[in-house]
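Peer 1: Supplied in structure tokens, the structure appears directly below.
Read-outs: derived from the displayed coordinates by stated rules, not from any lab. For clarity, every value in this text was computed on a predicted model and none was experimentally measured. Note: ideal-geometry Cβ built from the backbone for every residue, glycine included; neighbour counts use all protein chains shown.
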Amino acid sequence: MPHSRKRHLISILLKEKALWPVIGVVGARQIGKSTLLRDQFSSLIKAKYFTLDKAEVRTRILKSIAYFLSLETEQQRIPIIIDEAQKIPDLFDEIKALVDERRRPGRFYLTGSTEFSKKTGIRESLTGRIRVNHLFPLTLSEVNERKLTIPWVTFKPSHFSSPHEVDRYLARGGMPGICFLRDEKERHSAYESWVETTCFRDLQQFGDLKLDGELAKDILFALVKVGTPTLSNVSKELRLDPRKLAKYFDALQTLFVLHKIDPHPLGIGKPHYILFDCGLAESLGASLAYRLRIWSLNECLAQYEYSGTTRPRIYYYESAKHSFIDLIINNRKTERAVLIRDDAKVDAYTLRTVESFLKKSPKAETFLLSPVMEGAKIADRVTLLPWVGMG
């Protein structure tokens, strides 16, 4: 398939199959979970594959979950992959029972387009038995079929993309079935279809919340339109009570459509909400600055996930005088502040913003992520990094 790319997560899954009886892969719809498990991973472990997107499979399983699992795994001798497992929540309890009877690593692989949590009717019965991995949109290195590098972990770029590759990614994003469509109208049509399905079908699984699909669409469009992506600013844009919108934001996070970034403890502000893919954001009318922030956040999260490094805490910083830093990456040992810029010039205001934060966080380092071709140290604990070196 033209959009098939080897995913960096495979190496992590191969390690985990010797350690965990149940392995999960979760992420937004159409992000490549099925392709990863069905087309790339199943042959490596000789697993059977079933998708709950098919009504006949759901019907068969629901007749007797325990019988189905025992039969198809030959009593846990053969690994099994169940795609979109959240569609039958009782599966999780049955798998728990089987694992508790006979704990063998690498037996069950579950994917989901929602969190495996009580929000979607799934009790946390597999706690201690499942390792859940997050799959993100294709990274820049995956799109261009390069090996994994981790500049967001080390802050030492080792490979440099071309400006064209970065520019194309910022416009198209990393959703496998969409980002490789060359025709812009076709891409926008595909994103429109994705939004319709997410808002009018996927959100309806939160039946008790009674979520309106049209309002959910309005929220997504408003989120990229307002200057600062907060719940309160979206509520002002739509002229609706923020308490009414809060449940939509929670549900969209559960579906991995939104990332929530909390304000740094040393700063002020309310949580920011960032869409999961910059191609989707572009189709909704997002600015370059917003798309750069999406790309940076995704690369950071993906590089930590795919390298097996513990995920850091991620914040943004805003001072009482409203100086702003896009991302603060705290992994307990280090704290790195990243200003994402669309201008190569480093002005006095930017340096004052950096100095202000460094005074409050004396062990932190700051990085100016800019459209330059080479990095440079410009002051103590202040480094200029090129966009092209971070993917």
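Peer 1: Label region 124-192 by shape, choosing from rounded, prolate and oblate, from the square roots a ≥ b ≥ c of the eigenvalues of the Cα gyration tensor; if a/c is under 1.5 it is rounded, and otherwise prolate applies when a/b is larger than b/c, oblate when it is not. Could the numbers behind the result be given before it?
Peer 2: Working: a/c = 3.29, a/b = 1.25, b/c = 2.64.
The shape class here is oblate.
Peer 1: Would you calculate the separation in nanometres between label points at residue 145 and residue 127, each defined as 7 Å from the Cα along the Cα-to-beta-carbon direction?
Peer 2: 4.5 nm
Peer 1: Then there's this: Spelling out what I want: for every residue of region 331-348, take phi, set θ = phi - 60°, compute 6.51 cos²θ - 1.76 cosθ + 1.60 (Karplus), and round to whole Hz; glycine and proline get x.
Peer 2: Once rounded to whole Hz, the list reads 10, 6, 7, 9, 10, 10, 9, 10, 9, 9, 10, 9, 9, 6, 6, 9, 8, 5.
Peer 1: Here is a follow-up. Checking the a/c ratio against 1.5 first, then a/b against b/c, what shape does the Cα gyration tensor give for region 49-131?
Peer 2: Oblate is the answer for region 49-131, as a/c is 1.5 or above yet b/c matches or exceeds a/b.
Peer 1: Gain in length, residue 43 to residue 333, computed as 0.36 nm per residue apart minus the alpha-carbon separation, to one decimal in nm?
Peer 2: Result: 100.5 nm gained on full extension.
Peer 1: What's the local net charge at residue 128, with K and R +1, D and E -1, over the other residues with C-beta under 13 Å away?
Peer 2: The answer is +2.
Peer 1: Give, as a single signed number, the net charge of other residues whose beta carbon lies under 13 Å from the beta carbon of residue 206, with Lys and Arg counted +1 and Asp and Glu -1.
Peer 2: So the environment of residue 206 carries a net charge of 0.
Peer 1: Next question. Restricting to DSSP H runs of at least four residues, report the calculated mean residue ellipticity at 222 nm for the chain, -39500 (n - 2.57) per run over all residues, nearest 500 deg cm²/dmol.
Peer 2: My calculation for the chain gives -11000 deg cm²/dmol from helical runs alone.
Peer 1: While we're here: At what distance in angstrom do the alpha carbon centres of region 47-78 and region 333-355 lie from each other?
Peer 2: Going from one Cα centre to the other spans 53 Å.
Peer 1: Let me ask something else. Under the classification rounded if a/c is under 1.5, otherwise prolate if a/b is larger than b/c and oblate if not, where does region 1-102 fall, given a ≥ b ≥ c as square roots of the Cα gyration tensor eigenvalues?
Peer 2: Judged from the Cα gyration tensor, region 1-102 comes out oblate (a/c at least 1.5, b/c at or above a/b).
Peer 1: Under a plain spin-label model, where a point goes 7 Å from the Cα along Cα-to-Cβ, how far apart in nm are residue 373 and residue 93?
Peer 2: 6.3 nm
Peer 1: Moving to a separate point now. Search the structure for amide H atoms under 5 Å from the amide H of residue 378, placed 1.01 Å from N in the peptide plane, and list their residues when 5 or more places away or on another chain.
Peer 2: Amide H neighbours of residue 378: 383, 384.
Peer 1: Have a look at 226, 166, 143 and tell me which one the Gaussian network model of the chain (Cα, springs below 10 Å) gives the largest fluctuation.
Peer 2: 226
Peer 1: Once you list every other residue whose beta carbon is under 11 Å from the beta carbon of residue 229, what net charge do they have if Lys and Arg are +1 and Asp and Glu are -1?
Peer 2: Every neighbour counted, the sum reads +3.
Peer 1: Given H placed 1.01 Å from N in the peptide plane, which residues other than close sequence neighbours of residue 114 have an amide H under 5 Å from its amide H?
Peer 2: So residue 114 has HN proximity to 27.
Peer 1: Then there's this: With semi-axes √(5λ) of the Cα gyration tensor in Å defined as stated, name the option among (i) 37, 30, 23; (ii) 32, 28, 18; (iii) 37, 24, 20 computed from the structure displayed.
Peer 2: (iii)
Peer 1: List, in order, the whole-Hz ³J(HN,Hα) value for each residue of region 153-162 obtained from phi through the Karplus relation with A = 6.51, B = -1.76, C = 1.60 and θ = phi - 60°; use x for Gly and Pro.
Peer 2: 8, 9, 6, 9, x, 10, 9, 10, 6, 8
Peer 1: Quick one: what are the phi-derived ³J(HN,Hα) couplings along region 300-310, Karplus 6.51/-1.76/1.60 with θ = phi - 60°, whole Hz, x for glycine and proline?
Peer 2: Couplings: 4, 4, 5, 5, 5, 5, 7, 8, x, 8, 4 Hz.
Peer 1: With the chain treated as a Gaussian network of Cα nodes joined by springs under 10 Å, which of 111, 59, 230 yields the largest mean-square fluctuation?
Peer 2: 59
Peer 1: What's the extension gain from residue 324 to residue 63 if we count 0.36 nm per residue and subtract their Cα-Cα distance?
Peer 2: Stretched fully, the residue 324-residue 63 segment lengthens by 88.4 nm.
Peer 1: Additional query: State, to one decimal in nm, how far the label point of residue 15 lies from the label point of residue 74, with both points 7 Å from Cα in the Cβ direction.
Peer 2: 3.0 nm
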